[in-house]
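Chemist: This is the structure, below, for whatever I ask next.
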Amino acid sequence: MRSHLASLGRSPVPAGPGPAARAQPGVSVDAAALAALEVAARDFHFLPRQPVHSVLAGRHASRVRGRGLTFEEVRDYLPGDDIRSMDWRVTARTGKPHVRVYSEEKDRPVLLLVDQRINMFFGSRRAMKSVVAAEAAALAAWRVLSEGDRVGGLVFGDSECTELAPRRSRQAVEHLLGEIARHNQSLRADAPARRGAGQLNAALERASRLARHDHLVIVISDFDGHDAATRDLMLSMSARNDLLTMLVYDPFLLELPDSGHLVVSDGELQVELGFGHAATRKGIAEFVDAQSRNLLGWHRAIGVPLLPLSAAEETPLQLRRLLGQALPQGQGTLRARQGGRS
């Protein structure tokens, strides 16, 4: 059964800008603002030069039997070694076959899945979740490019998904940021379009076809509408690629007030929930906790790291804190840091 976190907002919720409108800080972003994040894309790594067992390894060092980029050592020949790696001088000198072992630099394209559905158009403090997702994607794109790798993306809204294959150029990054900004600025609280809960899985299916093997796939979303198919799609991709989730959340539902109200919508109908009733607060808290446990549970089960990104904090600082060093498998979870999500 699909799990929904309905589109949330405090009444009245300001309408977002249209595609041609000027970006409002915290509510929407434009391509120029995302391009300006290039200077902040530092002190964190998605593709560190690490052993192959590193969960976040992208361009990684691996021991290979053959010709590579960096000489590592000479060792005894083992059955199955490529004879082209034979070190004939050492073999002649010792009377025993020896091979030369190299460290090979592997290029790993990065594919960013950026959620810009209406459920992301919520924020109680610094910024909308949709803005945080856009910022995180821009920071990731600039960082990947600075390390010499290719980057592309799938930017999806409630009814549209834009696909950009990984490329290694500033023009490619700028094109990607332009598409993210276009999707972001189309979000409005009064948008007539129905919620696209199935778009998350649709984007994952397209990503699976695009990232056939040896990619780093980064999913930036609040995971509204995730279900068993979401888990299966991510499990399948993780068998052939490295996979990383950035869970964008707003802390509002973790710290419910004793008064006021919340407007909940499924895209067609709206209902107003009053926080003055203890039963209402308890019901919301239990719902959020159950959804968080479920999401975290299957991420752990399939071995995909889940990193929390709060809409109440500056995005660059969070990425530096979370990715300043490689994370052990299964760590960097939301519950360990915040205790839930919204």
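Derivation of every value follows stated rules applied to the coordinates shown; laboratory data play no part. In this text, all values refer to a predicted model and were calculated from it rather than measured experimentally. Counting neighbours? That spans all protein chains shown, and the Cβs are built from the backbone with ideal geometry, glycine included.
Chemist: Assuming R0 = 45 Å, can you tell me the calculated FRET efficiency for the pair Asp76 and Asp107, based on Cβ-Cβ distance, to the nearest 0.05?
Modeler: Values: r = 31 Å, r/R0 = 0.68.
Approximately 0.90, to the nearest 0.05.
Chemist: Short version: ³J(HN,Hα) in whole Hz for each residue of the stretch 139-152, in order, from phi by Karplus 6.51 cos²θ - 1.76 cosθ + 1.60 (θ = phi - 60°), x for Gly and Pro, what are they?
Modeler: 4, 5, 4, 5, 5, 4, 4, 5, 8, x, 10, 7, 9, x
Chemist: Let me ask you something else. When Glu73, Glu205 are ordered from fewest to most other Cβ atoms inside 10 Å of their Cβ, what list results?
Modeler: Glu73, Glu205
Chemist: Report P(r) for the stretch 104-237: all Cα-Cα distances, bin width 10 Å, range 0 to the bin holding the largest distance, values in whole percent.
Modeler: Per 10 Å bin, starting at 0, the Cα pair percentages come out as 13, 44, 33, 9, 1, 0.
Chemist: Classify the stretch 110-157 as rounded, prolate or oblate, taking a ≥ b ≥ c as the square roots of the eigenvalues of its Cα gyration tensor: rounded when a/c is under 1.5, otherwise prolate if a/b is larger than b/c and oblate if not.
Modeler: Details: a/c = 5.95, a/b = 1.87, b/c = 3.18.
Note, shape of the stretch 110-157 comes out oblate.
Chemist: Further question: For Tyr77, which sequence-distant residues (separation of 5 or more, or a different chain) have an amide H within less than 5 Å of its own amide H, given hydrogens modelled in the peptide plane?
Modeler: Amide H neighbours of Tyr77: His98, Val99.
Chemist: Fully extended, how many nm does the chain gain between Ala301 and Glu160 (0.36 nm per residue separation, minus their Cα-Cα distance)?
Modeler: That works out to 47.7 nm of additional length.
Chemist: Here's something else I'd like to know. When Asp190, Asp115, Asp224 are ordered from fewest to most other Cβ atoms inside 10 Å of their Cβ, what list results?
Modeler: Lowest to highest Cβ neighbour count: Asp190, Asp224, Asp115.
Chemist: Would you mind ranking Glu314, Glu286 by Cβ crowding within 10 Å, fewest neighbours first? Numbers along the way, then the final one.
Modeler: Values: Glu314 14, Glu286 10.
Fewest-to-most ranking of Glu314, Glu286: Glu286, Glu314.
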